[in-house]
Amino acid sequence: MRYICLIYNCADTDGTLTSEETDELVKAHFAFDEELRRDGIMIHADALEMPDKATVLRVRDNRLSVTDGPYVETKEHLAGFYVIEVPDMVKAREIAGRIPSARFGAVELRPVRMLTLPD
């Protein structure tokens, strides 16, 4: 079963790590990524730019609305994600709990719903 691990960083502390701490965190992520690849668990992973680089799109009454920059006030923002494939939620929790950024923020773990076209 596939799961998405959504990594949230605290807006109040994001960007406050020293360059050495940031380098250590990035190295930890690369090592974690390699372990998941080696074990055939990782489907995909990426970091995301800061919220001020975001664009939100909505279609209402067939009209496109575009909003640039942060669009909600929140203490945490989506900073990255992993898509993994493991047998069950128990294994998914074990993997998500080892994501290096969980030490500084939070990881939301959610099963991926695989949609199929109706006949």
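The values are calculated or read from the model by the stated rules, or taken from the named source; none is laboratory data. Fair warning: this is a prediction, and the values are worked out from it, not measured in the lab. For neighbour counting, all protein chains shown are included, and Cβ atoms are generated from backbone atoms with ideal geometry for every residue, glycine included. Quick note on the areas: whole protein, heavy atoms, side chains included, nothing else; ligands and nucleic acids left out. Shrake-Rupley method; radii C 1.70, N 1.55, O 1.52, S 1.80 Å.
Every test in (1) closer than 15 Å to residue 108 by Cα; (2) of a type outside the set (D, E, K, R); (3) loosely packed, with under 15 Cβ neighbours inside 10 Å; (4) in contact with a strand residue (DSSP E or B) (Cβ under 7 Å, 6 or more places away or on another chain) is passed by residue 10 save one, and that test is (3). Just the residues that are open to solvent by 60 Å² or more (accessible area, probe 1.4 Å) and modelled with pLDDT under 95, please, taken from the stretch 78-96. Within the stretch 78-96, 78 is the sole residue that qualifies.
So which residues in the stretch 19-42 are among the polar types (S, T, N, Q) and surrounded by fewer than 10 Cβ atoms within 10 Å (Cβ to Cβ), if there are any at all? Within the stretch 19-42, just 19 meets the criteria. Take the residues in the stretch 103-119 that are over 19 Å from residue 24 (Cα atoms) and assigned to a loop (DSSP other than H, G, I, E, B), then tell me which one is farthest from the chain's Cα centre (by Cα). Per the stated criteria, the residue is 119. Highlighted here are the strands (runs of 3 or more DSSP E) found entirely within the stretch 17-102 that include at least 3 residues which are more than 24 Å from residue 113 (Cα to Cα) and without any contact (Cβ under 8 Å) to a residue 60 or more places away in the chain: 63-68. Among the residues of the stretch 43-66 satisfying the criterion of being touching an Asp or Glu at 6+ places or on another chain (Cβ under 9 Å) and loosely packed, with under 10 Cβ neighbours inside 10 Å, which is farthest from residue 78 (Cα to Cα)? Selected residue: 55.
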